[in-house]
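The structure appears right after this line, and notes come after that.
The values are calculated or read from the model by the stated rules, or taken from the named source; none is laboratory data. What you see is a predicted model; the values in this text were computed from it and never measured. Because the Cβ atoms are built from the backbone with ideal geometry, glycine has one as well, and the counts that use them run over all protein chains shown.
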Amino acid sequence: MKKTNEQNLNPETLKEKNYQDNLTIQNIYQKFGKKNFFLQSTKINSPVIWVNKKQILQILNFLKQNEKKPYNMLYDLHAIDERLRINKQHLPKTDFTIFYHLLSIPNNLDIIIKVALLENNLHIPTVTKIFPNANWYERETWEMFGIIFDNHPNLTHLIMPKNWQGYPLRKDHPARATEMEPFFLDKEKENLSMRNLNFNPKEWGMSKKTKNENFMFLNLGPNHPSVHGVFRIILQLKGEEIINCVPDIGYHHRGAEKMGERQSWHNYIPYTDRVEYLGGCINEMPYILAVEKLANIKVPNRVKVIRIMLSELFRINSHLLYISTYIQDVGGMTPVFLAFTDRQKIYNVIEGITGARMHPAWFRIGGVANDLPNGWNKLLQECLLWIPKRLNKYVKLSIKNSIFQARTKGVASYNFKEALKWGVTGSALRATGINFDIRKKRPYSYYENFEFEIPIGKGISDCYSRIIIKIEEIYQSLRILEQCLKNMPSGPYKADHPLTTPPLKHHTTKNIETLITHFLQVSWGPVIPANESFQMIEATKGINSYYLISDGSTMSYRTRIRTPSFPHLQQIPSVIKGSILSDLITYLGSIDFVMSDVDR
């Protein structure tokens, strides 16, 4: 692999980078040899190490088994098509790059391992025996880029249809339907599509029968209210007992990452709202912060607090929908009608501030769209007086109900080791007793200045503990909102920076140059300096993050969206096998997912 002195892994380089976990990097260097590594300079704030493909399994094993600082979660795995990238002079010779993002949850550390691949040899060993949750990530990477993971247990289409041709995230694949040839549905294509709908248990890794009995196979979804979206699960049943099941996703795929390569940095903001459509502004946060890292933009404190206020309003709104529909899944009808009234109270505040409700697209690079309007504090105050009383009613009438507890306690339970094995984050991870909330562990925006607590479970995450954690999180979000109400900083709502989008309108009245700049910033968008950045946040359903690559253009070169719901659904078979069918419905409701967050 090509290296320069600047990229060699050595103590001086590590000292300059000032990473939190330089000791682990040094240990890798000493164990596997200096010549196989170099350290990439990025805006990611955690080490990015390129390694030799032949050593990837040994290195990942070493990191996972590290006694003092085990990297015990595969947080993300995906690829980059490097072939059209201009600013890669200081990188290894590579056509495609695989990256493995690992987390050390106990030590709150990250490391990204990259492997360079050439176009004539797109093979790399599967890591599913080290990290089981790599299964879906590798399948997605194979169908999006055509990279083959040798010895993968089931390297088949995951998101795209069986008969799909091409690799959507390659640079030579069109980004718009208008760039593709017209589609015609002839009889041959129709017959092929119909044949692909036939269910063959062997294709799903299931057997029809044993010597003594036949199994029943059941399609749950993709259109069924209890699967919370267009989501299909193939069930292998012995009576009511679930012998095996296979989640089937991809019915909601819209190509959100591909869209990131064709929209300007500014114009992509509305798409972030719709990746997880219940989270609204909270899903704009990681994208905006990642872009601001690339552009070296520091925003005023008023901007930070406004962003937190909108994020926590959306967090409460999402949690209320989760709690009420979950209770409905197990037979309680009334709370869902009450909760929608409460959610409208919150939407009134959001609409009063942003002018929109579900998808405001209100955060901006360097600030927010507008300053807070007159009367925002009165709207928020009314909401803060309303929600706690209603929440107490849900707990009293439903959560403490003996029937609800019988349906949820001890159902679909797992411990922290299982959670880490499958990449579980958010309240489901905290229910296992692990205190890991990004707002506290890696404060962003301004969370380090707020007083609130992180609800933690007692060691086992089951359906009951997961909903209890969510309820407690609402109370803590209310505490945060009260502090926003009482301590809103004064100052501007945008940073004074040339790459802020859009620039302040009143500047255009000064001279023609500022008017031209404003026009270019709005129409073309800002030119963001070439580099890579990353930002994770505590979203409504777990940890959400954006990995962005700028090639010094008005658009992203690579936009990788890691969502919490994707690994949460992959975990389903390991949790629910051996349970009865009604427990599956209870379990699905407890996960708190939407399919837009899974498929993207």
Could you please let me know if Asp551 is within 25 Å of Pro225 (Cβ to Cβ), acidic (Asp, Glu) and either touching a residue at least 40 places away in the same chain (Cβ under 8 Å) or surrounded by fewer than 24 Cβ atoms within 10 Å (Cβ to Cβ) (or both)? no
Report yes if Val246 is more than 17 Å from the chain's Cα centre (by Cα), buried (at least 18 other Cβ atoms within 10 Å of the Cβ), closer than 30 Å to Pro201 by Cα and hydrophobic (A, V, I, L, M, F, W, C), otherwise no. no
Please give the number of the condition Phe534 fails out of (1) surrounded by 21 or more Cβ atoms within 10 Å (Cβ to Cβ); (2) part of a helix (DSSP H, G or I); (3) of a type in the set (Phe, Trp, Tyr). (2)
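Please go through the range 218-243 and give me each residue that is surrounded by 15 or more Cβ atoms within 10 Å (Cβ to Cβ) and either free of Cβ contacts under 8 Å to residues at least 60 places away in the same chain or small (Gly, Ala, Ser) (or both), ordered by number.
Residues of the range 218-243 that are surrounded by 15 or more Cβ atoms within 10 Å (Cβ to Cβ), as a first pass: 220-222, 224, 226-237, 242-243.
Gly221, Pro222, His224, Ser226, Gly229, Arg232, Ile234, Gln236, listed by residue number.
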Only one of Ile460, Ile468 is closer than 23 Å to Val336 by Cβ and either among the small types (Gly, Ala, Ser) or within 26 Å of the chain's Cα centre (by Cα) (or both). Can you tell me which? Ile468
So in the range 537-561, with the set limited to residues that are among the hydroxyl-bearing types (Ser, Thr, Tyr) and assigned to a loop (DSSP other than H, G, I, E, B), which one is nearest to the chain's Cα centre (by Cα)? Thr540
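Which one of these is in the same structural domain as Ile28 (by TED's automatic domain parsing), among the basic types (Lys, Arg) and in contact with a helix residue (DSSP H, G or I) (Cβ under 9 Å, 6 or more places away or on another chain): Lys114, Lys88, Lys93, Lys129? Let's see the steps before the verdict.
Working: Lys114 fails: in contact with a helix residue (DSSP H, G or I) (Cβ under 9 Å, 6 or more places away or on another chain); Lys88 fails: in contact with a helix residue (DSSP H, G or I) (Cβ under 9 Å, 6 or more places away or on another chain); Lys93 fails: in contact with a helix residue (DSSP H, G or I) (Cβ under 9 Å, 6 or more places away or on another chain).
Residue meeting the stated conditions: Lys129.
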Is at least one residue of the range 502-510 part of a loop (DSSP other than H, G, I, E, B) and touching a Pro at 6+ places or on another chain (Cβ under 6 Å)? no
Would you mind finding the one in Asn120, Asn107 that is assigned to a loop (DSSP other than H, G, I, E, B) and farther than 18 Å from Val424 by Cα? Asn120
Kindly establish whether Tyr75 is buried (at least 19 other Cβ atoms within 10 Å of the Cβ), touching a residue at least 12 places away in the same chain (Cβ under 8 Å) and part of a loop (DSSP other than H, G, I, E, B). no
Which residue is surrounded by the fewest Cβ atoms within 10 Å (Cβ to Cβ), if the candidates are limited to the range 319-348 and must be hydroxyl-bearing (Ser, Thr, Tyr) and closer than 15 Å to Cys383 by Cβ? Thr341
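Okay, residues lined up against (1) surrounded by fewer than 16 Cβ atoms within 10 Å (Cβ to Cβ); (2) within 32 Å of the chain's Cα centre (by Cα); (3) without any contact (Cβ under 8 Å) to a residue 40 or more places away in the chain:
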residue: Ala369; (1), (2), (3): no, yes, yes
residue: Pro373; (1), (2), (3): yes, yes, yes
residue: Lys378; (1), (2), (3): yes, no, yes
residue: Gln381; (1), (2), (3): yes, yes, no
residue: Pro388; (1), (2), (3): yes, yes, no
residue: Ile403; (1), (2), (3): yes, no, no
Restricting to the range 325-377, name every residue that is over 23 Å from Glu276 (Cα atoms), in contact with a helix residue (DSSP H, G or I) (Cβ under 9 Å, 6 or more places away or on another chain) and modelled with pLDDT of 90 or more. Asn370, Asp371, Leu372, Pro373, Gly375, Trp376, Asn377
Selection from the range 57-72 of residues that are part of a loop (DSSP other than H, G, I, E, B) and in contact (Cβ under 8 Å) with a residue 60 or more places away in the chain: Asn72
Out of the range 379-400, which residues are of a type outside the set (A, V, I, L, M, F, W, C) and either in contact with a helix residue (DSSP H, G or I) (Cβ under 9 Å, 6 or more places away or on another chain) or not assigned by TED's automatic domain parsing to the domain that holds Ala431 (or both)? Gln381, Glu382, Pro388, Arg390, Lys393, Tyr394, Ser398
